[in-house]
Amino acid sequence: MPFDFATLTLLNTSATDLTQEGGLIGLVARIIDALGYPGIMLLIAAENIIPPIPSEAILPMAGFLSASGTFHFWLVVLFATLGSLIGATALYYAGLILGRTKILLLIEKHGGKVGLSLDDVKKAERWFQQRGKISVLVGRLVPIVRSLISIPAGFYGMSFPVFLLYSAIGSLIWNTILVGAGYRLESHWDRVEPYVEILQYAVIAAVIIIGLRFLYVRRDLILSRTTTPSEE
């Protein structure tokens, strides 16, 4: 099925006018139209590096296009997650190579040009300090932190395989939810954004509950092994 701009909403303003929401969404639509799945990957990679590009505008649209038959749902999720990992890896290595002092100075001087705030990076750093490695997984579900948690993970030297695994899990959860929301809402995909904040905290709560349940079962298993008498 060909991509039809007439089926999309909020495309009345010029695609080149990035100061308007319609212009940004129009640009997103045109990139997806021109590049297909790689376009989704590129946009999500950019969203991870430049926070003002919202995944809430990209993925529900892609979900709607999946419902219309233009794309396959799980391929959209796959390419979006690959894009998340590309962006996250770039920021991780920026933090790892430059170190905390240099990268914070760089963001303070030039971050405003791409929408990066030093306060936001320090917020992500506090998240990492307070919650440890699991913050990389849970942080993928929180705006701003989602993009920037990779930087402290890098300059604090988190194991890259663990970082990649946690980033993949968190990104897969969030991308599936946003694409799924667009898929379900179809032509009303643009109504997702007002509910994103409620949705993200519900997802965080679910992840925490599942994690606590896993730790509880694991603890019981360890205790049962240590208290079982050995056979003579």
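Laboratory data are not the source of any read-out in this text; all were calculated from the coordinates shown. Keep in mind it's a predicted model, so treat the numbers as computed, not measured. Cβ atoms come from the backbone with ideal geometry, glycine included; neighbour counts cover every protein chain shown.
Here are some notes:
- Packing-based ranking, highest mean first, of 117-127, 86-96 given that Cβ atoms within 10 Å are counted: 86-96, 117-127
- Rough spin-label spacing in nm, given labels placed 7 Å along Cα→Cβ, for Glu108 and Tyr216: 4.6 nm
- The simple Förster model, with R0 at 22 Å and r as the Cβ-Cβ distance, assigns Arg100 and Leu165 a FRET efficiency of 0.40.
- Sites Gln129 and Arg184 - FRET efficiency at Förster radius 25 Å, r taken between beta-carbons, to 0.05: 0.10
- Across segment 100-108, rounded Karplus estimates of 3J(HN,Hα) from the backbone phi angles (6.51 cos²θ - 1.76 cosθ + 1.60, θ = phi - 60°) give 4, 4, 5, 6, 5, 5, 4, 5, 4 Hz, Gly and Pro being marked x.
- Environment charge of Gln130, counting only residues whose C-beta is closer than 15 Å and scoring Lys/Arg +1, Asp/Glu -1: +4
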